[in-house]
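One structure below.
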Amino acid sequence: MRRRTRFQQAEQRRNAASLRRRRRGPLRARLVAAAWADQKRSAKPSNTRNKRSSSAGRSFYQNGNQWIDATIQKLKDPKRVRVQLNSKEYFDLVAKKSEARPWLALGQNVQFVLNGTVYEIYDN
């Protein structure tokens, strides 16, 4: 049995690697095409999609330009407090209720529940 030189061994490794890439290529392409087709079939029209965000362990849904806390639906006749964005009451709320800061960062129009009270932040 004849011994191979380093050059021949390197060439054999390159050929084997090339063969593996060629075998893997079509399979990967088929998988990507199948995933794309599944995504296309299950896609909803863009105007019916609800945007969803998670902030500090809570789920929020966007309705128009307003972010609404998902836990509001579970409350029966909650107390509601409306606070205008950038008003004195708004900054008092930020200072006193620091746990609300991540929810306030979602946008200018936000509704969230804090200690059984629904706070509605609005902008004119």
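Read-outs: derived from the displayed coordinates by stated rules, not from any lab. What you are looking at is a predicted structure, and each value in this text was computed from that prediction instead of being measured. Here the Cβ positions follow ideal geometry from the backbone for every residue, glycine too, while neighbour counts run over all protein chains shown.
Here are a few things to note about the model shown:
- Spin-label pair ASN63-ALA16: with each label point 7 Å from Cα along the Cα-Cβ axis, the two points sit 6.3 nm from one another.
- Segment 66-124 shape via C-alpha gyration tensor axes, a/c threshold 1.5: prolate
- In plain terms, the residue of ILE72, ILE121 with the fewest other Cβ atoms within 10 Å comes first and the most crowded comes last, giving ILE72, ILE121.
- Take 10-18, 57-65 and order them by the average number of nearby Cβ atoms within 10 Å per residue, most first; the result is 57-65, 10-18.
- Taking the average, over residues, of other Cβ atoms within 10 Å as the packing measure, peptides 73-79, 114-120, 92-98 rank 114-120, 92-98, 73-79 from highest down.
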